[in-house]
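Student: Got a structure for you, questions after.
The values are calculated or read from the model by the stated rules, or taken from the named source; none is laboratory data. Everything numeric here is computed off the predicted structure, so don't read it as measured data. Counting neighbours? That spans all protein chains shown, and the Cβs are built from the backbone with ideal geometry, glycine included.
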Amino acid sequence: MLFGKYIGTIKDNGLYWANPLYKKRSISLRASNFDSERVKVNDKLGNPIMISTILVWKVSNTFKAAFDVDNYENFVRVQSDAAVRKLASLYPYDNFNDEGIEEDITLRASVNEVSEALEKELSERLSMAGIEVLEARIGYLAYAQEIANAMLKRQQATAIVAARHKIVEGAVSMVEMALEELNKKEIVELDEERKAAMVSNLMVILCSDKEVAPVLNTGTLNH
């Protein structure tokens, strides 16, 4: 700069002579890594979560970095915080089908999609400062402490229900197969009452999460 007027930028290696009246400023063009602080925000469903981002960036336009913003390094920090807050409000932390909520993209499961959205958001915000975003991804993600235990129990309950659903589905198929094989091979003739009793016993055995103690009936079903 010469008396407040921009003269130019030198990016090439070597030894250069410059007017002694020029005011010079060095700006690093190397890639920098920024790990933001963990901030508490609300996701799309309103659940409080803790989230942070890891950003790899570098200066691509030294003129914008020097003149269009006051402090480009502080600008990166502030805009990264704003971008991750906006991102968290666009997606839910996880899917919960028990409430009829099913999102295609979630913060926990859709790592690639969320990272792409974060990179796009940061690129738009930092372009005015001449900053190029090389990589952006979520560095930390968890429910806030006040609801972490409740959400853990909810996730466990959802997993148990899903497992039980598979068990019942498999048990019904096995009972159906057993009845078909008995009927096909004519091992024993079962009336509707005996079929109902057999189905009940098999379902208890197959679906129980504990060992079943058999009860032997020495008489008939009616006595």
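Student: Against the definition (surrounded by 13 or more Cβ atoms within 10 Å (Cβ to Cβ), under 30 Å from Ala162 (Cβ atoms) and free of Cβ contacts under 8 Å to residues at least 40 places away in the same chain), how does Asn95 come out, yes or no?
Tutor: Values: surrounded by 13 or more Cβ atoms within 10 Å (Cβ to Cβ): yes; under 30 Å from Ala162 (Cβ atoms): yes; free of Cβ contacts under 8 Å to residues at least 40 places away in the same chain: yes.
Considered against the rule, which asks whether it is surrounded by 13 or more Cβ atoms within 10 Å (Cβ to Cβ), under 30 Å from Ala162 (Cβ atoms) and free of Cβ contacts under 8 Å to residues at least 40 places away in the same chain, Asn95 comes out as yes.
Student: Please tell me if Ile10 is touching a helix residue (DSSP H, G or I) at 6+ places or on another chain (Cβ under 9 Å), exposed (fewer than 15 other Cβ atoms within 10 Å of the Cβ) and more than 26 Å from Asp94 (Cα to Cα). Before the answer, list the steps.
Tutor: Details: touching a helix residue (DSSP H, G or I) at 6+ places or on another chain (Cβ under 9 Å): no; exposed (fewer than 15 other Cβ atoms within 10 Å of the Cβ): yes; more than 26 Å from Asp94 (Cα to Cα): yes.
No, not satisfied.
Student: Right, here's the next one. List the residue pairs whose Cβ atoms are under 9 Å apart, where the first residue sits in segment 173-195 and is under 22 Å from Cys207 (Cα atoms), the second is polar (S, T, N, Q), and the two are 6 or more positions apart or on different chains.
Tutor: Final answer for the pair search is Glu193/Asn222.
Student: Which of the residues that make up segment 80-115 are small (Gly, Ala, Ser) and at pLDDT 90 or above? Before the answer, list the steps.
Tutor: Applying the first criterion (small (Gly, Ala, Ser)) to segment 80-115 yields 80, 82-83, 88-89, 100, 109-110, 115.
Passing the criteria: Ser80, Ala82, Ala83, Ser115.
Student: Another one. From the list Lys58, Lys40, Lys64, pick out the single residue that is basic (Lys, Arg), surrounded by 12 or more Cβ atoms within 10 Å (Cβ to Cβ) and touching a Lys or Arg at 6+ places or on another chain (Cβ under 9 Å).
Tutor: Lys58
Student: Looking at Leu118, is it out of contact with any Lys or Arg (no Cβ under 6 Å at 6 or more places or on another chain), surrounded by 13 or more Cβ atoms within 10 Å (Cβ to Cβ), of a type outside the set (Lys, Arg) and modelled with pLDDT under 75?
Tutor: Details: out of contact with any Lys or Arg (no Cβ under 6 Å at 6 or more places or on another chain): yes; surrounded by 13 or more Cβ atoms within 10 Å (Cβ to Cβ): yes; of a type outside the set (Lys, Arg): yes; modelled with pLDDT under 75: no.
Judged against the criteria, Leu118 is not a match.
Student: Also: May I ask you to verify whether Glu124 is assigned by TED's automatic domain parsing to the domain that holds Ala66, loosely packed, with under 15 Cβ neighbours inside 10 Å and within 25 Å of Ser28 (Cα to Cα)?
Tutor: Working: assigned by TED's automatic domain parsing to the domain that holds Ala66: yes; loosely packed, with under 15 Cβ neighbours inside 10 Å: yes; within 25 Å of Ser28 (Cα to Cα): yes.
Yes; evaluated as a whole, the condition is true for this residue.
Student: Also, quick follow-up: Being in the same structural domain as Val133 (by TED's automatic domain parsing), in contact with a strand residue (DSSP E or B) (Cβ under 6 Å, 6 or more places away or on another chain) and closer than 15 Å to Ile138 by Cα, is that true of even one residue in segment 86-105?
Tutor: The answer is yes, given that some residue of segment 86-105 is in the same structural domain as Val133 (by TED's automatic domain parsing), in contact with a strand residue (DSSP E or B) (Cβ under 6 Å, 6 or more places away or on another chain) and closer than 15 Å to Ile138 by Cα.
Student: Can you give me the number of residues within segment 1-59 that are outside any loop (DSSP other than H, G, I, E, B), among the hydroxyl-bearing types (Ser, Thr, Tyr) and more than 24 Å from Asp70 (Cα to Cα)? Lay out the reasoning, then the answer.
Tutor: If we filter segment 1-59 for residues that are outside any loop (DSSP other than H, G, I, E, B), which is where we start, we get 2, 5, 32-35, 39-42, 48-59.
Within this subset, residues satisfying the condition of being among the hydroxyl-bearing types (Ser, Thr, Tyr) are 32, 52-53.
This time we only want the ones that are more than 24 Å from Asp70 (Cα to Cα), so: 52.
Number of matching residues: 1.
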